[in-house]
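Contents: one structure, followed by commentary.
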Amino acid sequence: MTPTPPPVAHSHFRPSVAPRLAPILPDPDVVVIGAGAAGIAAARRLVERGVSVAVLEARDRVGGRLVTTMLRGHAVDLGGHWLHAGPINPLVRLAEARREPLRVAAQESHLWVGRRRARREEERALGRAFALADRAMTEHAARNGPDRPAASVIPPGLGPWGERVALVHGLVSGRALSEVSLQDFPSMEYGDNRFIAGGYGGYLARLAQGLPIALDSPVRRIGWSEAGVSVETSGGRTTRAKAAIVTLPMMVLRDENLFAQALPTAHRNAIDGFSTGIYEHAVLHWPSCPFRGPDRLASVVGGRRKPPGLLTRIDGTPFHFFEIDVHGAAELDAARSGPDGVRRLVRSVLAEHFGCRALHDLAIPAVSEWRHDPWSRGSWAVVPPGHAEARALLHRPVEDRIWFAGEALSRLQWGTAGGAYEEGSRAADEVAARLSRGAALRPL
Ligand SMILES: Cc1cc2nc3c(=O)[nH]c(=O)nc-3n(C[C@H](O)[C@H](O)[C@H](O)COP(=O)(O)OP(=O)(O)OC[C@H]3O[C@@H](n4cnc5c(N)ncnc54)[C@H](O)[C@@H]3O)c2cc1C
């Protein structure tokens, strides 16, 4: 028997929404593996199209890397929180149609230098540095030359603000820009972000209402043949179907050998070439935080440590995210300090900039550890230089039996729940079209 992995810090929190799920059928047309954004999208689309589906999910909840919990009476996301790319994000379109409580993300942000608020000229200099760096990356990527690290085209003359820009872009890409593909990074449509009251995880969980999903069903083996697919869970149960949609994080597919046969080399290389994106939240409850206004980003610079960023006063509450990037996480892991090490780090950074007395009412009720979570093994998949074709390549099904979906396959919304949802719907449409032609039943 596979030993049960030790629980990670964020798994102790119960989700704010537990949808009522339908039992799964023993012989569905399609088996969907994973009930995150991509899996839920795929299942919804297949049900809409009248295709029978069973979803197998390892965790005891739906939502994957989106989960909302209740802390002190407020809904707080422990994973994804922003609905990025409003105009092209299917979860924004769906929320609008359902009249969900969306709000537009604030454009204003805070800049704090050492122990004081930034001056106007400092704010302007930072804004200029972002604009120059973003333009350089977009223009170089559009030239379509040989791929190289995104960091290599950041203009050298940005002064001290260049370092800040690289840090923020490193945070949102999940790795330092020196390890990120220039062809891939600027493809993301980031603008026009939204939030949703009640949390992104709560919203996604509501979308799973009534779907046939089996929880606590970790998949251990995925096989395929002319007859279809067979998917074995750790309880020893085998589900047979005509096709499978695999929505597992690339880091899980890379590190676990779940396929009974060898995948085609191109697929295997595409999966193995992704690197692990790291982005973690420390959730602060800090009523007297000096930053005012709901949902403002904050940059705190000029100290010994270089925190990559905060999101302050989430939905106007006393809750804030203090973000941990790949470097911060590596240092914490090297010191084996766990969630309490994160708490000490946050306190020491904030004390340096705001003074110890300002922290009298600070509590840090939750810390995420997605990088240690066996069902995610990171926050999202990152394309390193030279690997930019991987997302498109994984759109190809394997022998008309196995389709892939999930955040890693989206080019315009990489690393996001919106991208994952889009990809889940795409894969479901393709499988449904194939099944309606009867092709998945014919010998290959
Ligand atoms: C801290 C953090 C902050 C983020 N911030 C944002 C944000 O603000 N906005 C945004 O859009 N995105 C954000 N993201 C990324 C976003 O959460 C993901 O891109 C998205 O949720 C991925 O969806 P998915 O369906 O591809 O994968 P997942 O949500 O990971 O779903 C895959 C599912 O497969 C399950 N699974 C894994 N292994 C097995 C197995 N062997 N058998 C069965 N099931 C298995 C998992 O439990 C999971 O439920 C953030 C992520 C993190 C970690």
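The values are calculated or read from the model by the stated rules, or taken from the named source; none is laboratory data. Quick caveat, the model's predicted, so the values are computed rather than measured. Every residue, glycine as well, gets a Cβ built from its backbone with ideal geometry; the counts of neighbours run over all protein chains shown. Quick note on the areas: whole protein, heavy atoms, side chains included, nothing else; ligands and nucleic acids left out. Shrake-Rupley method; radii C 1.70, N 1.55, O 1.52, S 1.80 Å.
Only protein atoms count toward the accessible area here, which uses a 1.4 Å probe; on the range 77-234, the carbon and sulfur part of that area reaches 52 percent.
Summing Cβ point charges (Lys, Arg +1; Asp, Glu -1) relative to the Cα centre of the range 80-121 gives a dipole of roughly 300 debye.
In the full protein context, the chain carries 42 Å² of accessible surface per residue, based on a 1.4 Å probe and ignoring ligands, DNA and RNA.
Applying 1/(1 + (r/R0)^6) with R0 = 45 Å to the Cβ-Cβ distance of A18 and S152 gives a FRET efficiency near 0.45.
The label-point distance for A106 and R305, in a model that sets each label 7 Å from Cα toward Cβ, rounds to 2.3 nm. Stokes-Einstein, applied to the Kirkwood radius of the range 349-439 over Cα pairs at a viscosity of 1.567 mPa s and 4 °C, places its translational diffusion at 78 µm² s⁻¹.
The C-alpha atoms of the chain define a longest principal axis, and helix 37-48 lies at about 40 degrees to it. The accessible area of H12, taken with all protein chains in place and a 1.4 Å probe, comes to roughly 130 Å².
Just to be sure I understand: with springs between alpha-carbon atoms less than 10 Å apart, which residue in N144, N89, N257 has the highest mean-square fluctuation in the Gaussian network model of the chain? Taking springs between Cα atoms under 10 Å, the residue moving most is N144.
Treating only the Cβ of Lys, Arg, Asp and Glu as charged (+1, +1, -1, -1), what charge dipole size does the chain show about its Cα centre? Round to the nearest 20 debye. Working shown, then result.
Numbers: 55 positive and 46 negative charges, 159 e Å.
The dipole magnitude comes to about 760 debye.
Mean-square fluctuations from a GNM of the chain, with a 10 angstrom spring cutoff on Cα atoms, peak among A335, A363, A22 at A335. The angle separating the long axis of helix 417-436 from the principal Cα axis of greatest extent in the chain is about 10 degrees.
Largest first and in whole Å, the equivalent-ellipsoid semi-axes of the chain read 38, 24, 20, each the square root of five times a Cα gyration tensor eigenvalue.
The distance from the alpha carbon centre of the range 365-444 to that of the range 21-62 is 15 Å, rounded to a whole number. For the range 172-211, the mean projected area of the C-alpha convex hull, equal to one quarter of the hull surface, is 4.7 nm². Dividing the summed -39500 (n - 2.57) terms of all DSSP H runs of n ≥ 4 by the residue count of the chain sets its mean residue ellipticity at 222 nm at -9000 deg cm²/dmol.
Element breakdown for the range 268-339 at a 1.4 angstrom probe: carbon and sulfur atoms account for 54% of the accessible area.
Which of the three applies to the range 162-286, rounded, prolate or oblate, going by the alpha-carbon gyration tensor with a ≥ b ≥ c and a/c under 1.5 meaning rounded?
Taking the square roots of the gyration eigenvalues as a ≥ b ≥ c, the range 162-286 is oblate.
Loop-resident trypsin sites (Lys or Arg not before Pro) (DSSP state other than H, G, I, E or B) in the range 31-116 with no more than 14 further Cβ atoms inside 10 Å of their Cβ: R72, R98, R99, R115.
As a length-normalised measure over Cα pairs under 8 Å and 6 or more apart, the relative contact order of the range 194-292 settles at 18 percent.
In this structure, the amide hydrogen of V367, modeled 1.01 Å from its nitrogen in the peptide plane, lies closer than 5 angstrom to those of V283, counting only residues at least 5 positions away or on a different chain. Taking amide H as placed 1.01 Å from N in the peptide plane, the amide H of L211 sits under 5 Å from that of A22, each at least 5 places away or on another chain. When the charge dipole of the range 143-239 is built from unit charges on Cβ atoms (+1 for Lys and Arg, -1 for Asp and Glu) and taken about the Cα centre, the candidate among Y200, G170, L158 whose Cα reaches farthest toward its positive end is Y200.
Taking Cα atoms only, the orientation of helix 120-142 departs from the longest principal axis of the chain by about 30 degrees. Computed over the chain with a Gaussian network model linking Cα atoms closer than 10 Å, the most mobile of A151, A270, A97 is A97. Of the residues E139, E48, ranked by 1.4 Å probe accessible area with the largest first, the sequence reads E48, E139. Note on L412 and T238: the model spin-label points, each 7 Å out from Cα along the C-beta direction, lie 4.2 nm apart. With a Förster radius of 30 Å applied to the beta-carbon distance between L215 and A330, the computed FRET efficiency rounds to 0.40.
Have a look at G50, A105, P397 and report the one farthest towards the positive end of the charge dipole of the chain, computed about the Cα centre with Cβ charges (Lys/Arg +1, Asp/Glu -1). It is A105. List the relative contact order of the chain as a percent without decimals, with contacts defined as Cα pairs under 8 Å and 6+ residues apart. Normalised by residue count, the contact order of the chain is 26 percent.
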